[in-house]
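Single-structure report; data block below.
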Amino acid sequence: MSDQIVLTGIKPTGTPHMGNYVGALKPLVEMAKTNKTFVFIADLHALNIIHDPNQIRQHTYEIAAILIALGLNLDNATLFRQSDIVQVSQLATMLMNITPKGLMNRAHSYKAAVDKNTAAGLDTDAGINMGLYTYPILMAADILLYDTDVVPVGADQKQHVEFARDIAGYFNHVYGETFKLPEPMIGADTGIIPGLDGRKMSKSYDNVIPLFAPESELKKKIMRIITDSKLPEEPKNPDESTIFQLYRHFACESEIADLRARFERGGMGYGDAKRILFEKINSVLSAPRTEYERLMANTAELDTVLASGAARARSVAEKTYERVHRAMLG
Ligand code: TRP
């Protein structure tokens, strides 16, 4: 067991798909086997995009159920809802006062929104709310509140963790040692997880395979993966095949080598390859899927897990916030 404190947040803005599983959820469950981990569902962060509380609640349950169904170790991992800890909003308000506005202007996600407006000939800040603009401050509060050492995130979130570190540094400089300085941890490169059309699997491309789709839907989706028009007898390049690129994340080394050889040798049609992929994914995910379905039908059980996570998270948050309050307001 490492003594480093690991923390990560997952935004409840959609139903997690297979790309999320491979890139984030599975590595997180692994990490929590050996580390004290805070895992929260970032519902406050979802608010700058989703204005329907039912959707946020639904996605919150889905994420909690998925993590539990995948075997998240709930002794090591504190699983909770961000909004259950009021101190995070209080800390964000405090951090506003030592965060330079210029830092927020440099945030990739804000800049991307501005660039999009400019390209469309709109006002620079059209449609940009303060939730988006101050997103990195709330995220810094998330990270700093739990004395976090390490933040596993995707490459797109690295800058946010660096901002949290910067903000902690400014704070410590003005008020004395108060916060630990967190480090981002960018996971081992899983490569791009392709979606049904071969582009990166992403909700915005509408090409995702839901993680716990019912078996029949999973099969249908996999059979719909777009391939080139090579005939069964022709040799095929596994590295350019969505089928193989997905298979890689579910099968063991020898199975992967085996399927690679069958691609390269020729003699296997894409239909067969898809059936092999379906069987593999289905065998890996069918037990967790059953547990997921059970939990989604018993949201009271999820509420209990989230409430006990919140109680644990709160006991740390209260202490940190107390320190900040004393430093800033005496
Ligand atoms: N911004 C992250 C994302 O979009 C989610 C998130 C919110 C987060 N707070 C965090 C991640 C704190 C790590 C640490 O994916």
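Structure above, values below:
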item	result
Lone qualifier among Val151, Val161 - being outside any helix (DSSP H, G or I), within 15 Å of the ligand (Cβ to nearest atom) and under 18 Å from the mean Cα position of the chain (by Cα)	Val151
Residue match in the stretch 83-102 (condition: touching a strand residue (DSSP E or B) at 6+ places or on another chain (Cβ under 7 Å) and at pLDDT 95 or above)	no
Odd one out for Ala119 among (1) of a type in the set (Gly, Ala, Ser); (2) within 30 Å of Gly330 (Cα to Cα); (3) away from the ligand (no atom under 12 Å from the Cβ)	(2)
Residue pairs meeting the criteria (Cβ under 8 Å; at least 6 apart or on separate chains; first in contact (Cβ under 8 Å) with a residue 12 or more places away in the chain, in the stretch 133-153; second within 10 Å of the ligand (Cβ to nearest atom) and of a type in the set (Phe, Trp, Tyr))	Asp142/Phe40; Tyr146/Phe38; Thr148/Phe38
Selection within the stretch 172-194 - more than 17 Å from Asp239 (Cβ to Cβ) and in a loop (DSSP other than H, G, I, E, B)	Gly176, Glu177, Thr178, Phe179, Lys180, Leu181, Pro182, Gly187, Ala188
From the options Lys158, Lys180, residue that is open to solvent by 70 Å² or more (accessible area, probe 1.4 Å), in contact (Cβ under 8 Å) with a residue 12 or more places away in the chain and in contact with a strand residue (DSSP E or B) (Cβ under 7 Å, 6 or more places away or on another chain)	Lys158
Within the stretch 1-26, tally of residues that are open to solvent by 30 Å² or more (accessible area, probe 1.4 Å) and away from the ligand (no atom under 13 Å from the Cβ)	6
Those residues of the stretch 76-88 which are crowded, with 21+ Cβ neighbours inside 10 Å and part of a loop (DSSP other than H, G, I, E, B), in sequence order	Ile85
Residue satisfying condition, being more than 30 Å from Gly176 (Cα to Cα), open to solvent by 70 Å² or more (accessible area, probe 1.4 Å) and either at pLDDT below 95 or among the small types (Gly, Ala, Ser) (or both), within set Ala297, Ala307	Ala297
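For (1) open to solvent by 30 Å² or more (accessible area, probe 1.4 Å); (2) within 13 Å of the ligand (Cβ to nearest atom); (3) under 25 Å from Val161 (Cα atoms), each residue gets a yes or a no:
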residue	(1), (2), (3)
Glu62	no, no, no
Leu74	yes, no, yes
Gln90	yes, no, yes
Asn97	yes, no, yes
Ala107	no, yes, yes
Tyr133	no, no, yes
Met139	no, yes, yes
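The values are calculated or read from the model by the stated rules, or taken from the named source; none is laboratory data. This structure is a prediction, so every number in the text was calculated from the model and none was measured. Ideal geometry is used to build each Cβ from the backbone, glycine not excepted, and the neighbour counts take in all protein chains shown. The accessibility values were calculated without ligands, DNA or RNA, using every heavy atom of the protein model including side chains. Shrake-Rupley method; radii C 1.70, N 1.55, O 1.52, S 1.80 Å.
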